[in-house]
Amino acid sequence: MIFESHAHYDDKRFDADREELLSSMPEHGIGTIINVGSDLEGVKKTLALTEQYGFIYGAAGIHPSDISDLNEEVYEWLKEKCRLPKVAAIGEIGLDYYWDKEEEVRRSQRYWFCRQMELAREMGLPVIIHSRDAAEDTLKLMKGIHCEQIPGVIHCFSYSPELAEEYIKMGYYIGIGGVVTFNNAKKLKETAAKIPLARILLETDCPYLSPEPERGKRNSSRNLVYVAQEIARLRGISYQEVVDATRENAQRLFAKVNFHHA
Ligand code: NI
């Protein structure tokens with residue numbers, strides 16, 4: 001069974017057929033799913049999904065583009081939710097400089113990224129990190145707070161193979177999704193071929209980033225087959241080897257996941 005480490009089934013693009021789609025996951029070889037909150041509403045919906053489906057676990061956290069949702073009260077609420085048995089990670093958190101160009105907003109992103117990292121340390125949970133157009137600041141901030149003491153994954157990795165190695169040295173996993181199947185994704189293909197298999201997690205980021213041949217359509221965990229196939233091809237190993245290794249990696253990282261379901 002495949003371990004899906006990053007999905008957003010709380011997204012409204014699943015409203016029409018969420019139940020039908022999620023119920024079909026086991027028969028399509030999807031064993032465990034981490035549904036990742038990105039804003040306050042998303043975290044609430046994530047918690048509801050974890051109650052509804054045995055194989056869905058949750059990540060609670062606020063995405064850098066949604067930090068206007070954060071204040072001390074919400075932070076305390078998040079902390080309380082982290083104690084729930086099915087909240088397996090803090091995320092997604094991080095830095096996104098793609099849309100936010102103002103220094104004041106970026107400073108606020110760094111502040112809440114730091115706070116949520118500290119929350120993970122305090123609660124003994126791994127982190128799911130989003131970093132876009134902010135390679136230098138992400139690495140600097142993480143090194144500054146001794147992130148090697150906080151396990152985690154760099155989700156939807158989009159930087160160089162060299163930077164992937166830096167994160168791996170600090171104990172991090174690298175999340176690889178649909179982009180690896182794109183013809184123009186040279187750097188990511190190189191990363192997926194070179195880094196240790198023991199450091200790769202499979203993820204969709206659905207409804208976004210559908211792999212080939214579904215590119216441009218709504219994504220779902222069922223398309224992870226194409227991602228695993230491409231990683232297997234790039235590394236010259238079997239599809240099953242990729243599925244098994246990435247599942248074991250995810251079980252190692254997300255310790256609260258009940259292995260029975262994976
Ligand atoms: Ni995401």
Quiz item: Which one is farthest from the chain's Cα centre (by Cα) among residues in segment 26-62 that are β-branched (Val, Ile, Thr) and closer than 17 Å to residue 78 by Cβ?
Solution: 50
Quiz item: Among all residue pairs at least 6 apart or on different chains, which show Cβ distances below 6 Å where the first residue, located in segment 177-191, is farther than 21 Å from residue 2 by Cα and the second is outside any helix (DSSP H, G or I) and among the charged types (D, E, K, R)?
Solution: none
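If you go through segment 9-28, how many residues are free of Cβ contacts under 8 Å to residues at least 40 places away in the same chain and either over 14 Å from residue 48 (Cβ atoms) or part of a helix (DSSP H, G or I) (or both)? Give the steps one after another, and end with the answer.
Here is the first cut: in segment 9-28, the ones free of Cβ contacts under 8 Å to residues at least 40 places away in the same chain are 10, 12, 15-20, 22-23, 26-27.
When the remaining residues are screened for being either over 14 Å from residue 48 (Cβ atoms) or part of a helix (DSSP H, G or I) (or both), the result is 12, 16-20, 22-23, 26-27.
So the answer is 10.
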Quiz prompt | Condition met for residue 95 (outside any helix (DSSP H, G or I), in contact with a helix residue (DSSP H, G or I) (Cβ under 9 Å, 6 or more places away or on another chain) and either within 16 Å of the ligand (Cβ to nearest atom) or under 20 Å from residue 153 (Cβ atoms) (or both)) | solution = yes
Practice problem: Could you list, in sequence order, all residues of segment 57-112 that are touching a residue at least 60 places away in the same chain (Cβ under 8 Å) and within 15 Å of residue 42 (Cα to Cα)? | Solution: 57, 59, 61, 63, 64, 87, 89, 91, 92
Self-check item: Top-ranked residue of segment 61-80 - restricted to ones that are within 22 Å of residue 137 (Cα to Cα) and of a type in the set (S, T, N, Q), ranked as farthest from the ligand (Cβ to nearest atom)
Solution: 68
Practice problem: State which residue pairs qualify: first residue free of Cβ contacts under 8 Å to residues at least 60 places away in the same chain and inside segment 114-133, second residue of a type in the set (Ser, Thr, Tyr) and assigned to a helix (DSSP H, G or I) in any location, beta carbons under 8 Å apart, and separation of 6 or more residues or different chains. | Solution: 115/75; 119/75; 129/138; 131/138
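Given the structure, is residue 201 in contact with a Phe, Trp or Tyr (Cβ under 6 Å, 6 or more places away or on another chain), closer than 19 Å to residue 132 by Cα and at pLDDT 95 or above? Step through it out loud before you land on a result.
On the way: in contact with a Phe, Trp or Tyr (Cβ under 6 Å, 6 or more places away or on another chain): yes; closer than 19 Å to residue 132 by Cα: yes; at pLDDT 95 or above: yes.
Yes; evaluated as a whole, the condition is true for this residue.
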Quiz item: Where residues in segment 1-38 are among the charged types (D, E, K, R) and either within 28 Å of residue 94 (Cα to Cα) or within 16 Å of the ligand (Cβ to nearest atom) (or both), which of them is surrounded by the most Cβ atoms within 10 Å (Cβ to Cβ)?
Solution: 4
Practice problem: Under 6 Å between Cβ atoms, at least 6 apart or on separate chains: pull out the pairs that start in segment 154-168 with a residue that is closer than 16 Å to residue 227 by Cβ and touching a residue at least 40 places away in the same chain (Cβ under 8 Å) and end on any residue that is within 16 Å of the ligand (Cβ to nearest atom) and of a type in the set (Val, Ile, Thr). | Solution: 155/128
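What is the residue count in segment 192-225 for residues that are free of Cβ contacts under 8 Å to residues at least 60 places away in the same chain and surrounded by fewer than 18 Cβ atoms within 10 Å (Cβ to Cβ)? Steps first, please.
Quick first cut of segment 192-225, residues free of Cβ contacts under 8 Å to residues at least 60 places away in the same chain only: 192-200, 209-217, 219, 223.
If we keep only those that are surrounded by fewer than 18 Cβ atoms within 10 Å (Cβ to Cβ) as well, we get 193-194, 196-198, 212-217.
The total comes to 11.
If we keep just the residues of segment 246-262 that are among the small types (Gly, Ala, Ser) and touching a strand residue (DSSP E or B) at 6+ places or on another chain (Cβ under 7 Å), which is modelled with the highest pLDDT?
Step one: of segment 246-262, the residues among the small types (Gly, Ala, Ser) are 250, 255, 262.
Keeping just the survivors that are touching a strand residue (DSSP E or B) at 6+ places or on another chain (Cβ under 7 Å) gives 250, 262.
Numbers: 250: 98, 262: 45.
Selected residue: 250.
Going by what's in this entry, would residue 131 be described as at pLDDT below 95, closer than 21 Å to residue 8 by Cα and within 19 Å of the chain's Cα centre (by Cα)?
In short, no.
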Quiz item: From the set of residues in segment 99-112 that are closer than 16 Å to residue 38 by Cβ and either among the polar types (S, T, N, Q) or modelled with pLDDT under 95 (or both), which is surrounded by the most Cβ atoms within 10 Å (Cβ to Cβ)?
Solution: 109
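The values are calculated or read from the model by the stated rules, or taken from the named source; none is laboratory data. Keep in mind the model is a prediction, meaning the values are calculated, not measured. Here the Cβ is made from the backbone with ideal geometry for all residues, glycine too, and neighbour counts use every protein chain on show.
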